[in-house]
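Since the structure comes first, as structure tokens, the remarks are kept for the end.
The values are calculated or read from the model by the stated rules, or taken from the named source; none is laboratory data. Owing to the predicted nature of the structure, the values given are computational and were not obtained by experimental measurement. Here the Cβ positions follow ideal geometry from the backbone for every residue, glycine too, while neighbour counts run over all protein chains shown.
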Amino acid sequence: MPFEMIPLSYAFDALEPVIDARTVEIHYTRHHATYLKNFNSALEKYPELYQKSPEAILTNLEQVPEDIRTAVRNNGGGFVNHNLYWASMSPDGGGEPQGKLAEAIQKEFGSLSTFKEALEKAGLGRFGSGYAWLSRRADGSLLVHSTANQDSPLSEGLTPLLVVDVWEHAYYLKYQNRRADYLKDWWDVVDWKGAARRFEAE
């Protein structure tokens, strides 16, 4: 069966004033949905791939037939990356991480503020479109990094924990060219609980 959109766990206006309702609506129903449509279209030629999860497909891109690999990388990445982006935010977000994730951030970066600075720098330093991530390496250590376009950390052998979208469509209606302001405000909706669950999942 073709893959389907994961329903948002909050209303379009639930992230205001950080992200306005119109931006969430357009981002989810048009941009995200189009990536899914094109991802499913690419897989139609090889329906056996529907037996795998989208994450497993991206983790093993080299096993995807070459004639659809670029489409899967771009559109499958767009689908999965957006799934995590929505899950990285909550109307009840903000504050500070707790438990094992907080300890890991302290160990890797020295402080929460240093980590936040690193993620913002990764987002600001991404020329053009892409994402800034907190990911976990195979050895359990943490990494702040950025990917271009719709590339996924899964394809690099990493486990993504938290992501902020820095494509202009993620923030332009409210922030225009002020990506730095968007990144600073984003901490007010970040879902630390979800990130902690992902960190402790494996």
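Observations
- Hits in region 88-113 - residues which are surrounded by 14 or more Cβ atoms within 10 Å (Cβ to Cβ) and not hydrophobic (A, V, I, L, M, F, W, C): Ser88, Ser90, Pro91, Gly93, Gly94, Pro97, Gln106, Glu108
- Qualifying residue in region 183-201 (condition: more than 14 Å from Leu84 (Cβ to Cβ), among the acidic types (Asp, Glu) and loosely packed, with under 13 Cβ neighbours inside 10 Å): yes
- Only listed residue being more than 18 Å from Leu161 (Cβ to Cβ) and surrounded by 14 or more Cβ atoms within 10 Å (Cβ to Cβ), chosen from Asn83, Asn75: Asn75
- Cβ pairs under 7 Å, 6+ apart, first in region 43-68 and free of Cβ contacts under 8 Å to residues at least 60 places away in the same chain, second aromatic (Phe, Trp, Tyr): Leu43/Tyr50; Pro54/Phe3; Pro54/Phe79; Pro65/Tyr46; Ile68/Tyr46
- Restricting attention to region 144-177, the residues being crowded, with 17+ Cβ neighbours inside 10 Å and either assigned to a loop (DSSP other than H, G, I, E, B) or assigned by TED's automatic domain parsing to the domain that holds Val72 (or both) number 7.
- Restricting the first member to region 1-24 and to residues that are within 15 Å of Leu84 (Cα to Cα), and the second to residues that are among the polar types (S, T, N, Q) and assigned to a loop (DSSP other than H, G, I, E, B), the beta-carbon pairs closer than 9 Å and six or more apart or on different chains are Ser9/Ser90; Tyr10/Ser90.
- Flag for Val18 being more than 18 Å from Met1 (Cβ to Cβ), at pLDDT 95 or above, in contact with a Phe, Trp or Tyr (Cβ under 7 Å, 6 or more places away or on another chain) and assigned to a loop (DSSP other than H, G, I, E, B): yes
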